[in-house]
Amino acid sequence: MWICVSNDFEFQNLVVKFFNSVPNQNHHENSRNFDTEQLRNKVRNALAGRKFLLVLDDVWNEDRVKWEELKDLIQIGGQGCKVIVTTRSLKVAEMMGTHSSSIDLQGLSREDSLSVLYKWAFKEGEQTKHPELVEIGKSIVDKCGGVPLALRTLGSSLFLKVDIREWMFVRDNEIWNLPQKEDDILHAIKLSYDQLPSYLKRCFACFSLFEKDFQFNSFHTIVLWEALGLLHSPHKGETLKDIGNQYLHELQSRSFLQDFIDYGSAYKFKLHDLVHDLALYVSRDEFQLLSSPSENISENALHLSYTKSHLLGKTDFPLGLRTILFPLGVNDEAFLNTLVSTCKYLRVLKINNSGYESLPHSIGKLKHLRYLNLEDNEELKSLPDSVCKLQNLINLNLSGCTELRELPNRIGNLISLQQLHITTRQSKFPDKEIAKLTSLEILTLVSCDKLKSLFEGIELPSLKYLDIGSCRSLKYVPLHVIPNLESLSIDGCNKLKLSMGHDDNQIAKLRLKLLYLESLPQLATFPQWLRGCAETLQSLVIVDCDNLDELPMWLSSLFCLKTISIENCPGLLSLPDDVHHLTNLEYLKMKGCPGLCRRYQPKVGQDWSKISHIKQVIIESRELEN
């Protein structure tokens with residue numbers, strides 16, 4: 001189990017993280033439905049007698065009392081359990097150490113440091129062509145102190161730059177002469193930031209509004225940038241999403257993002273702790289992440305994020321605010337009313353996991369609002385119709401609002417809306433209103449348990465991403481009315497007819513790039529309409545489909561496939577015989593499929609040769625491990 005602690009050593013929050021990290025738990029259970037003692041008991045029951053390795057990453061807490069309380073929770077495992085604590089504080093290491101002394105990790109050797117710098121600054125072997133740059137690189141390495149992240153970010157910033165003056169600029173920059181305290185931002189990372197173009201600096205600053213170890217999603221990140229007007233105007237044939245993706249790839253190429261996962265139509269990523277520290281440092285005053293009552297809100301602040309509910313007592317926020325992110329669990333009606341009635345220039349309003357049953361009618365006066373995120377507000381029963389006056393709104397997120405009776409009556413008035421995420425108790429989908437949203441590209445429906453059908457008598461030519469999860473009464477989705485659909489995700493809709501009623505003529509219209517299927521017991525064979533995606537489909541993900549017992553022979557005709565992931569489909573015993581014809585396939589994962597995993601086990605499986613050409617093959621099976 002790996003838990004990122006950072007500055008949050010509150011026992012209740014750590015117990016929640018424990019609950020979410022314990023393997024083989026029912027993570028569909030919402031941890032917010034349990035109090036601390038209930039969660040403590042669930043963790044104890046899950047760990048009792050089991051052998052585990054627990055990593056508490058990036059600990060800053062120096063309160064021994066809190067540490068003893070946590071030790072009491074985890075001392076119920078089997079013999080041989082281990083706990084590893086990582087920290088940048090020697091005092092924390094001494095306080096938390098028990099049976100063994102702390103290990104002071106040293107930086108990389110000079111030789112290894114040079115290797116890392118050259119790997120990121122040059123194409124393979126290219127450094128031999130530039131001996132003068134190699135010499136300058138030796139001086140740069142000496143300034144980095146053996147810190148891998150510093151070497152990587154600087155190397156990335158110098159990639160494909162062969163002008164000796166650019167290397168000398170890095171070597172001779174005055175930033176190296178500044179005094180550096182123990183917990184200061186590393187000079188090399190700050191220097192890499194200074195070399196970013198101005199448009200990326202503003203986007204990077206937005207990351208400071210989120211806590212350490214936050215899992216970013218490209219959809220939400222890009223819409224935040226768009227709502228704040230940080231994206232360049234697209235050229236002909238481009239969209240703002242394309243521009244946002246370019247920005248993300250630029251930041252990733254410069255090593256500012258880590259754990260970057262490409263799902264074909266979306267990305268997930270995190271920030272290294274030191275990079276997060278850098279974001280806080282460079283964005284101070286204008287962007288503020290409030291985590292302590294002692295912090296004062298800067299009079300220049302335009303973007304605020306609260307980490308705890310009790311911090312909302314600071315009502316002296318600047319009236320020119322553009323962004324405010326509420327903390328989880330908030331239920332302060334007075335604060336919300338004051339905010340909505342006074343901050344007329346808000347672009348972004350995020351209120352998740354709150355106790356609000358409704359929103360103030362005056363929210364319709366926020367004419368500049370572009371991003372309204374109300375995700376997981378399980379007490380929210382209704383929205384005022386005035387929400388439909390927000391004609392600049394590009395993203396409305398109502399996912400997880402399980403008590404929401406219905407969508408606002410005139411939702412079709414939101415003419416700028418590009419993303420709509422819905423959970424609702426209504427049985428009739430407002431097809432005609434949704435058809436008015438001519439800019440809608442992303443539609444998510446989660447736990448809309450009473451909906452039986454969608455898109456009757458309408459077409460949605462602008463829709464590109466459709467995500468349907470746990471809509472247990474849904475029987476039919478006419479995909480042919482979404483001619484430009486690129487990404488389709490279906491999860492836990494056990495009444496949905498996957499044939500979709502398509503005939504051969506309709507098959508030819510599909511242009512999917514990503515297909516994700518999970519928890520579909522009715523899936524025994526693949527629907528024929530998928531054949532119409534042969535020239536476009538890049539990613540195929542199949543999870544928890546117990547009754548799927550074969551993949552079609554025509555799967556190998558999907559020649560654009562780059563990734564296939566198959567998890568917990570025990571009935572599958574083989575891939576198509578001509579799977580080797582998928583020459584563009586770069587990633588294949590098989591997990592929890594004993595027969596399948598045994599057959600294609602690297603180097604020893606009877607059909608390993610058919611997939612040995614694939615760059616990355618991941619096979620996980622408990623049976624094989626045993």
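The values are calculated or read from the model by the stated rules, or taken from the named source; none is laboratory data. Please read these numbers as outputs of a predicted model, since none were measured by experiment. In this analysis, Cβ positions are derived from the backbone assuming ideal geometry, glycine residues included, and neighbour counts consider all displayed protein chains.
Kindly evaluate LEU178 against the criterion of being free of Cβ contacts under 8 Å to residues at least 60 places away in the same chain and over 31 Å from the mean Cα position of the chain (by Cα).
Yes, satisfied.
Test of understanding: among ALA121, ALA93, ALA46, which residue is among the small types (Gly, Ala, Ser), on the phi < 0 side of the Ramachandran plot, surrounded by 14 or more Cβ atoms within 10 Å (Cβ to Cβ) and free of Cβ contacts under 8 Å to residues at least 12 places away in the same chain?
ALA93
Among the residues of the stretch 132-158, how many are among the acidic types (Asp, Glu) and modelled with pLDDT under 90?
Summing the residues that are among the acidic types (Asp, Glu) and modelled with pLDDT under 90 in the stretch 132-158 gives 1.
Report yes if ILE76 is among the aliphatic types (A, V, I, L, M), modelled with pLDDT of 80 or more, surrounded by fewer than 16 Cβ atoms within 10 Å (Cβ to Cβ) and not in a helix (DSSP H, G or I), otherwise no.
no
State which residue is farthest from GLY320 (Cα to Cα) when the search covers only the stretch 276-289 and only residues that are touching a strand residue (DSSP E or B) at 6+ places or on another chain (Cβ under 9 Å) and either assigned to a loop (DSSP other than H, G, I, E, B) or without any contact (Cβ under 8 Å) to a residue 12 or more places away in the chain (or both).
Selected residue: SER283.
So which residues in the stretch 304-348 are among the hydroxyl-bearing types (Ser, Thr, Tyr) and within 25 Å of GLN12 (Cα to Cα), if there are any at all?
If the condition is that a residue be among the hydroxyl-bearing types (Ser, Thr, Tyr) and within 25 Å of GLN12 (Cα to Cα), then SER305, TYR306, THR307, SER309 are the ones that fit.
Just to be sure, is VAL134 touching a helix residue (DSSP H, G or I) at 6+ places or on another chain (Cβ under 8 Å) and outside any helix (DSSP H, G or I)?
No; evaluated as a whole, the condition is false for this residue.
I want to confirm something. Restricting to the stretch 251-275 and keeping residues that are in a loop (DSSP other than H, G, I, E, B) and in contact with a Lys or Arg (Cβ under 7 Å, 6 or more places away or on another chain), which single residue is farthest from ILE564 (Cα to Cα)?
Top of the filtered list is SER255.
Among the residues of the stretch 106-116, is any on the phi < 0 side of the Ramachandran plot and at pLDDT below 90?
Yes - at least one qualifying residue is present in the stretch 106-116.
For the stretch 202-238, enumerate the residues that are of a type outside the set (Gly, Ala, Ser), over 17 Å from the mean Cα position of the chain (by Cα) and either surrounded by 15 or more Cβ atoms within 10 Å (Cβ to Cβ) or on the phi > 0 side of the Ramachandran plot (or both).
ARG202, GLU226, LEU228, LEU230, LEU231
List the residue pairs whose Cβ atoms are under 7 Å apart, where the first residue sits in the stretch 220-238 and is in the same structural domain as ARG202 (by TED's automatic domain parsing), the second is hydrophobic (A, V, I, L, M, F, W, C) and outside any helix (DSSP H, G or I), and the two are 6 or more positions apart or on different chains.
Listed pairs, sorted by first residue: VAL223/ILE394; LEU224/VAL348; TRP225/LEU231; GLU226/ILE394; ALA227/VAL348; ALA227/ILE394; LEU228/VAL348.
Can you name the condition, by its number, that SER557 falls short on among (1) touching a strand residue (DSSP E or B) at 6+ places or on another chain (Cβ under 8 Å); (2) within 19 Å of LEU517 (Cβ to Cβ); (3) of a type outside the set (Asp, Glu)?
With (1) touching a strand residue (DSSP E or B) at 6+ places or on another chain (Cβ under 8 Å); (2) within 19 Å of LEU517 (Cβ to Cβ); (3) of a type outside the set (Asp, Glu) applied to SER557, the lone miss is (1).
What's the number of the only condition in (1) part of a loop (DSSP other than H, G, I, E, B); (2) crowded, with 20+ Cβ neighbours inside 10 Å; (3) of a type outside the set (Gly, Ala, Ser) that LEU248 fails to meet?
Single failed check for LEU248: (1).
If the requirement is being touching a Pro at 6+ places or on another chain (Cβ under 9 Å), surrounded by fewer than 18 Cβ atoms within 10 Å (Cβ to Cβ) and farther than 18 Å from LEU479 by Cα, which of these qualifies: PRO570, PRO521?
Matching residue, one of PRO570, PRO521: PRO570.
Output the residues belonging to the stretch 290-326 that are hydroxyl-bearing (Ser, Thr, Tyr) and not in a strand (DSSP E or B).
Answer for the stretch 290-326, where residues must be hydroxyl-bearing (Ser, Thr, Tyr) and not in a strand (DSSP E or B): SER291, SER292, SER294, SER298, THR307, SER309, THR315.
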